[in-house]
Amino acid sequence: MEILGIDIGGSGIKGALVNAETGEMLTERFRIPTPKSKKPKDMAKVVAEIVDHFNYKGPVGCGFPSIVKNGICKSPGNLDPSWVGVNIDELFTEYTGQEFTVLNDADAAGYASMNYGVGKGKDGLVIMITIGTGLGSGAFFNGVLIPNFELGQIPYKKHKKIEKWAAASAKEREELSFKKWGKRFNKFLKLVELIVCPDLIIVGGGTSKKWEEFSHHIKIETNVVKAELMNHAGIIGAAVSCLREQHHGHLH
């Protein structure tokens with residue numbers, strides 16, 4: 001079964017067709033930069049462009065970089081504040097004519113790792129951390145998703161949320177070396193370990209491609225591994241979530 005998976009990020013919106021049984025990407029990733037406004041209608045137009053690019057008809061799974069509850073955006077994350085309260089599923093369904101299942105982007109990446117990747121068959125509490133514009137996190141207990149486990153939102157020192165200090169965007173903004181940034185990321189993981197005491201942490205997102213540059217700065221007791229699906233996990237997991245989660249963007 002071919003399903004379109006879309007991964008919405010702070011800098012780019014990406015999509016590909018995925019085999020929902022094997023988790024294999026069947027097409028090249030198609031990417032359009034996230035509109036500068038980061039507003040709902042502008043982003044919905046880009047999502048529609050991606051659906052049109054693949055000439056796709058059918059259910060669409062979509063990872064979204066914020067807290068999503070029953071298809072509704074509960075926090076703006078790194079997007080425009082006007083997203084709060086928007087039914088994302090229905091907005092995207094309106095712009096594309098296809099049914100949408102929208103979930104948190106780190107939850108989507110976690111789905112991919114738990115179904116096809118390094119998390120497959122792992123019991124206990126598994127935390128997926130995605131490093132990008134922010135720090136996304138997805139939680140699975142005995143393979144079942146605990147939605148919207150937003151650990152990047154923890155306040156830290158003078159920062160409203162720790163992701164402002166320890167995400168890849170902070171590394172770029174402050175021109176930090178991998179050593180300096182790696183120590184910050186390790187501090188974040190220490191807090192994760194202290195608060196939820198996971199059995200395994202899987203690290204994904206764009207920065208995980210540079211794993212060798214910073215992994216030796218990770219010094220916590222919990223086992224930390226790289227997500228081998230890396231940047232494709234969000235797309236793959238979003239597509240798979242279509243089969244597992246409820247469609248909220250119903251067509252009338």
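Looking only at residues in region 157-166 that are outside any helix (DSSP H, G or I) and closer than 18 Å to Thr130 by Cβ, the one that is least open to solvent (accessible area, probe 1.4 Å) is Ile162. Restricting attention to region 73-104, the residues that are acidic (Asp, Glu) and in contact with a Phe, Trp or Tyr (Cβ under 6 Å, 6 or more places away or on another chain) add up to 1.
Which members of region 3-19 meet the condition of being open to solvent by 10 Å² or more (accessible area, probe 1.4 Å) and either small (Gly, Ala, Ser) or in contact with a Lys or Arg (Cβ under 8 Å, 6 or more places away or on another chain) (or both)?
Step one: filter region 3-19 for residues open to solvent by 10 Å² or more (accessible area, probe 1.4 Å), giving 7, 9-11, 14, 17, 19.
Hits for region 3-19 are Asp7, Gly9, Gly10, Ser11, Lys14.
Report whether or not Val225 is in contact (Cβ under 8 Å) with a residue 12 or more places away in the chain and touching a helix residue (DSSP H, G or I) at 6+ places or on another chain (Cβ under 6 Å). Considered against the rule, which asks whether it is in contact (Cβ under 8 Å) with a residue 12 or more places away in the chain and touching a helix residue (DSSP H, G or I) at 6+ places or on another chain (Cβ under 6 Å), Val225 comes out as no. For the condition among the small types (Gly, Ala, Ser) and over 28 Å from Gly117 (Cα atoms), what is the one hit in Ser66, Ser11, Ser82? Selected residue: Ser82, the only one of Ser66, Ser11, Ser82 that is among the small types (Gly, Ala, Ser) and over 28 Å from Gly117 (Cα atoms).
Residues in region 25-37 that are in a loop (DSSP other than H, G, I, E, B), open to solvent by 50 Å² or more (accessible area, probe 1.4 Å) and in contact (Cβ under 8 Å) with a residue 12 or more places away in the chain: Leu26, Glu28, Arg29. Just to be sure I understand the filter: pairs with C-beta atoms under 8 Å, separated by 6 or more residues or on different chains, first member in region 202-220 and farther than 14 Å from Thr130 by Cα, second member assigned to a helix (DSSP H, G or I) and among the aromatic types (Phe, Trp, Tyr). Which pairs pass? Within 8 Å, the pairs are Glu213/Phe178; Phe214/Phe178; Phe214/Trp181; Phe214/Phe185; His217/Phe178; His217/Phe185; Ile218/Phe185.
Checked against (1) touching a helix residue (DSSP H, G or I) at 6+ places or on another chain (Cβ under 6 Å); (2) part of a loop (DSSP other than H, G, I, E, B), Gly58 passes all but condition (1).
Yes/no matrix, rows are residues, columns are (1) touching a helix residue (DSSP H, G or I) at 6+ places or on another chain (Cβ under 6 Å); (2) modelled with pLDDT under 95; (3) β-branched (Val, Ile, Thr):
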position: Ala167; (1), (2), (3): no, no, no
position: Glu174; (1), (2), (3): no, no, no
position: Phe178; (1), (2), (3): yes, no, no
position: Cys197; (1), (2), (3): no, no, no
position: Gly206; (1), (2), (3): yes, yes, no
position: Asn231; (1), (2), (3): yes, yes, no
position: Gly237; (1), (2), (3): yes, yes, no
position: Cys242; (1), (2), (3): no, yes, no
position: His247; (1), (2), (3): no, yes, no
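For Ala239, the stated conditions hold: it is of a type outside the set (Val, Ile, Thr), open to solvent by less than 30 Å² (accessible area, probe 1.4 Å) and touching a residue at least 60 places away in the same chain (Cβ under 8 Å).
Of the residues making up region 103-144, those that are open to solvent by less than 40 Å² (accessible area, probe 1.4 Å), in contact (Cβ under 8 Å) with a residue 40 or more places away in the chain and either over 16 Å from Val224 (Cβ atoms) or among the aromatic types (Phe, Trp, Tyr) (or both) number 10. Taking region 80-93 as the range and being touching a residue at least 60 places away in the same chain (Cβ under 8 Å) and either of a type in the set (Ser, Thr, Tyr) or open to solvent by 30 Å² or more (accessible area, probe 1.4 Å) (or both) as the test, the residues that pass are Asn87, Glu90, Thr93.
The values are calculated or read from the model by the stated rules, or taken from the named source; none is laboratory data. Keep in mind that what you see is a predicted model, and the values were worked out from it rather than measured. Positions of Cβ are backbone-derived with ideal geometry, glycine not excepted, and every protein chain shown enters the neighbour counts. What goes into the accessible areas is simple: the full protein's heavy atoms, side chains included, and nothing from ligands, DNA or RNA. Shrake-Rupley method; radii C 1.70, N 1.55, O 1.52, S 1.80 Å.
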